[in-house]
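The values are calculated or read from the model by the stated rules, or taken from the named source; none is laboratory data. This is a predicted model, so every value here is computed, not measured. For neighbour counting, all protein chains shown are included, and Cβ atoms are generated from backbone atoms with ideal geometry for every residue, glycine included.
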């Protein structure tokens, strides 16, 4: 683990392989769920075909974010996007996590998140709020990449098949430190 990740307030994990991101996110949410709040995003698959994406609040609540079956004036590639999924599921989950003093999980920030001005603006505010943030972002979401570049107390890790073990170890050590701080002295 890098020294920067060991002491950073925020951990940002960049990825391009959605299945690898989902694997790491699930692993961390299972092991550290007590200290995490926010949302996760998953692919919706039918066989080998991706049909869309869903967003799920940690602790409950789920909505279809994007689907070939959604008719919407807002689209990303071949998917219609339901901005209410971000604004009505992901944002309240982040706000609840902030209020509870938990690590804010943004899984994921990418081009679809940028389609909602309300979500994108609040996400950037939360990233600069001082609360610890665990962020997964798809490379290419320029507004978020720029924000991460301006965040002084942030470590960025690239998640690839070749960096899997290092990314897992860094994220676990980072979360172990924050969980100890959240729990306080015993």
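Just a few scattered comments:
- Here residue 58 meets each of (1) within 14 Å of residue 113 (Cβ to Cβ); (2) touching a strand residue (DSSP E or B) at 6+ places or on another chain (Cβ under 8 Å) with one exception, condition (1).
- The single residue among 110, 80, 180, 149 that is closer than 18 Å to residue 10 by Cβ, free of Cβ contacts under 8 Å to residues at least 24 places away in the same chain and in contact with a strand residue (DSSP E or B) (Cβ under 9 Å, 6 or more places away or on another chain) turns out to be 149.
- Considered as a group, the residues in segment 108-125 that are buried (at least 19 other Cβ atoms within 10 Å of the Cβ) and part of a helix (DSSP H, G or I) include one that is modelled with the highest pLDDT, and that residue is 119.
- Strands (runs of 3 or more DSSP E) (entirely within segment 30-87) containing at least 2 residues that are within 24 Å of residue 132 (Cα to Cα): 36-46, 49-57
- Output for segment 159-185, where each listed residue is at pLDDT below 90 and either surrounded by 15 or more Cβ atoms within 10 Å (Cβ to Cβ) or within 25 Å of residue 30 (Cβ to Cβ) (or both): 179, 180, 181, 182, 183, 184
- Test set (1) surrounded by 19 or more Cβ atoms within 10 Å (Cβ to Cβ); (2) at pLDDT 90 or above; (3) under 23 Å from residue 139 (Cα atoms) - residue 32 fails condition number: (3)
- Pick from segment 68-99, criterion buried (at least 20 other Cβ atoms within 10 Å of the Cβ) and more than 21 Å from residue 36 (Cα to Cα), ranking: farthest from the chain's Cα centre (by Cα): 79
- When residue 105 is tested against (1) in a strand (DSSP E or B); (2) surrounded by fewer than 22 Cβ atoms within 10 Å (Cβ to Cβ), just one condition goes unmet, and that condition is (2).
- Within segment 128-142, the only residue that satisfies the criterion of being in contact with a helix residue (DSSP H, G or I) (Cβ under 6 Å, 6 or more places away or on another chain) and either surrounded by fewer than 20 Cβ atoms within 10 Å (Cβ to Cβ) or in a helix (DSSP H, G or I) (or both) is 131.
- Search result, residues across segment 151-165 that are over 20 Å from residue 18 (Cα atoms) and over 17 Å from the mean Cα position of the chain (by Cα): 152, 153
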